[in-house]
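Here, each number is a calculation from the coordinates, and none is a lab measurement. None of these values were measured; they are calculated from a predicted model. Cβ atoms come from the backbone with ideal geometry, glycine included; neighbour counts cover every protein chain shown.
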Amino acid sequence: MWCSLPLATPVSQLCDYCQQALPTLAYQQCHYNLLWLPAVARGLKGAKFDRLLCLAHYQQPYQYWIPRWKYYADLAAGQLLQQQLCLLLARAKANNMPMPQALTYVPLHWQKQRQRGFNQAKMLAEALGQQLQIPVVRLFRKSASHSQRGLNRQQRLRNLRRSFSLTVAEAPLPRHIALIDDVITTGATANALTRLLRSAGVHTVSVWTLAVTPPPGYSA
């Protein structure tokens, strides 16, 4: 999927050299909470959630693989990305990162999901739930189909007003829930969903994504 050379174990999608060359973030330095890492937190000021973990900044090769999966239904790219996030969360769990009692995911409007054929956030959540043996629950409904792609922070905030609602009314929710998405840009979507979870009594909200958009002026 990256160097195009033959693999000894094709199911892994990457050879050992490409696996080692993937960009990463200083997970252990921030105890697997990237909100404590200045190179990430500077772009997510005012985050309402408690923890963040993702593979890397939104850069190559993730900048190629994520749209390939999301917009072109490249299932090999999707499998690769699910594998990578599962590997990261397995390492985080081995390093005693607090685990949630349930996983949920950012919803798509039904028209967009019908057009695309799948919800990549749901697929990620299901892969992680199976890996970590954590239940996946559908908690949100999206009532507007406006895209967030290409919008700045203020435009995203206006776009998100009244866009989401909870699908559960009275059932008590777990104290710690992880919200799964593909990319976190300004944090506006994650913040909107976090507010809904808080209103339903959730104490701790973790956000797990494939990538995070670098803050303005950032250079690796």
Does the range 1-128 classify as rounded, prolate or oblate by the C-alpha gyration tensor (a ≥ b ≥ c root eigenvalues; a/c under 1.5 gives rounded; else a/b over b/c gives prolate, otherwise oblate)?
-> oblate
Using the alpha-carbon atoms, what tilt in degrees (0 to 90, nearest 10) does helix 62-72 show relative to the longest principal axis of the chain?
-> 60
Report the dimensions of the chain along its three principal axes from the alpha-carbon atoms, largest first, rounded to Å.
-> 52, 39, 39
Measure nothing but the geometry: give the 0 to 90° angle between the long axis through the Cα atoms of 75-94 and the longest principal axis through the Cα atoms of the chain, rounded to 10°.
-> 80
Order by protection proxy (mean Cβ within 10 Å, highest first), peptides 188-195, 88-95 = 188-195, 88-95
Report, ordered by chain and residue number, the lysines lying within cross-link reach of residue 112, taken as a straight Cα distance under 28 Å and ignoring same-chain residues fewer than 8 apart.
-> 48, 70, 122, 142
Pairs of Cα atoms under 8 Å, at least six residues apart: use those to get the relative contact order of the range 1-107, whole percent.
-> 23
With label points set 7 Å from each Cα along the Cα-to-Cβ direction at residue 60 and residue 22, the distance between them in nm comes to 1.8
